[in-house]
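Take a look at the structure set out below.
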Amino acid sequence: MVALSPETFDAIEFDAACSGEHRAAAQEMTRLADTGTQTAAMPRSEAYIRAGEQWLLADDPAAAVNGFMRAIADGGQASVDPRIPLARALFQLGRNAEAEAYVGELGAQTPRDARMCDLLAELLVEQSDLVGALSWANAGVELCLGRTPSPVRQGTEVPPLGLVTQVPGDENELRLLLSLRFRIRNDLGLPEDDYDRLLDRLR
């Protein structure tokens, strides 16, 4: 039995990116996730998530849903909450109510991971939910600044806390979130605020 490893999955993803054969990559990753021995470096849940992402790239969101659901059922550690890519796959299938329910579940919890906020903000931008996207972007910025944001409620904006004197967290992730937030606020016609000025300082 093959031991699951990030290096193996990285190599499969690299080959798929070069060849465009994402379906073959997804099939191979799924086979490995089903039959391989999980390791501390590559839990089975992570393997299913990465296989699901390849199914999305292969334009097969139904197969992706299956992979992400297996990751949830496994319950192991993963680099991203599987409900986020699952919601993306469900949106692609037109199963919007189910997708929104998963986003709502995530929003009912106090956000703890800036990357998760970034991914959800991007997802909601794709769905033209700019207010929801802005709330997740704001929450991610707060986390990068070492603050604790409020839970993100659907249909309402989580306001930023305001003036920033120092940046204690990951500047790269903060810059990405501030840039996304700026684009969203620009599309909403909102005026410049302290966080927009912080982005100017980080450029």
From the option list 147, 115, 153, single residue qualifying as surrounded by fewer than 19 Cβ atoms within 10 Å (Cβ to Cβ), assigned by TED's automatic domain parsing to the domain that holds residue 192 and either at pLDDT 90 or above or not in a loop (DSSP other than H, G, I, E, B) (or both) is 115
Kindly indicate whether residue 189 is of a type in the set (Gly, Ala, Ser), surrounded by fewer than 16 Cβ atoms within 10 Å (Cβ to Cβ) and at pLDDT below 90. no
Please give the number of the condition residue 36 fails out of (1) under 21 Å from the mean Cα position of the chain (by Cα); (2) over 29 Å from residue 99 (Cα atoms). (1)
For residue 125, indicate whether it is assigned to a loop (DSSP other than H, G, I, E, B) and either more than 28 Å from residue 38 (Cα to Cα) or within 13 Å of the chain's Cα centre (by Cα) (or both). no
Do we have any residue at all in region 69-90 that's touching a Gly at 6+ places or on another chain (Cβ under 7 Å), more than 27 Å from residue 151 (Cα to Cα) and free of Cβ contacts under 8 Å to residues at least 60 places away in the same chain? no
Consider region 69-82. How many of its residues are charged (D, E, K, R) and surrounded by fewer than 19 Cβ atoms within 10 Å (Cβ to Cβ)? 0
Could you please find all residues in region 37-68 being of a type in the set (A, V, I, L, M, F, W, C), free of Cβ contacts under 8 Å to residues at least 24 places away in the same chain and over 21 Å from residue 17 (Cβ atoms)? 40
Hey, can you tell me all the residues within region 102-122 that are of a type in the set (Val, Ile, Thr) and under 12 Å from the mean Cα position of the chain (by Cα)? 103
Given the structure, is residue 45 over 14 Å from the mean Cα position of the chain (by Cα) and under 30 Å from residue 136 (Cα atoms)? yes
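The values are calculated or read from the model by the stated rules, or taken from the named source; none is laboratory data. Everything quoted here is computed from the prediction, not taken from an experiment. Because the Cβ atoms are built from the backbone with ideal geometry, glycine has one as well, and the counts that use them run over all protein chains shown.
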